[in-house]
Amino acid sequence: MRDDEDAASDPVLPEPVRDHLGQQLRTVYNVDAGKPQYLGDEAVPQAFEPQIKRLETRLKTHEEGTIAVEGALDRILDAFGLDPDAKAGGRVPDAAASGARASGK
């Protein structure tokens, strides 16, 4: 009776059955996935399409926003006569401070 309890608690399918079921699941998944929009595009199940579109939009917006902020900061630095490529903390001395030091004030 002990052997019957072990067999009931450990339901393992034979390998050929697992392979067959795996092939069937892959076939169903690939059929339901639909056709890719372009070569190299991974077919996505319709249930995930809205979430993926929102994620793509969010990533694109983040990238474009980052580029816009970088451009704005470069323009601000140019307006103050600072080198945007200089290390942080490396400031260009302004003309008034240079003149004061040169005249001994």
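The values are calculated or read from the model by the stated rules, or taken from the named source; none is laboratory data. If you're wondering where the values come from, they're calculated on a predicted model, not measured in any experiment. Please note: Cβ atoms are built from the backbone with ideal geometry, for glycine as well, and neighbour counts cover all protein chains shown. Each accessible area value is taken on the protein alone, full model and side chains, heavy atoms only, with ligands, DNA and RNA left out. Shrake-Rupley method; radii C 1.70, N 1.55, O 1.52, S 1.80 Å.
Counting heavy atoms of the protein chains alone, D41 has an accessible area of about 40 Å² for a 1.4 Å probe. Note on L77 and Q23: the model spin-label points, each 7 Å out from Cα along the C-beta direction, lie 6.1 nm apart. Placing R0 at 30 angstrom, the Cβ-Cβ distance between V12 and H62 gives a FRET efficiency of 0.05 after rounding to 0.05. When all protein chains stay in place and ligands, DNA and RNA are ignored, the 1.4 Å accessible-area order of V69, V17, largest first, is V69, V17. A probe of 1.4 angstrom, applied to the heavy atoms of all protein chains, finds E63 with accessible area near 110 square angstrom.
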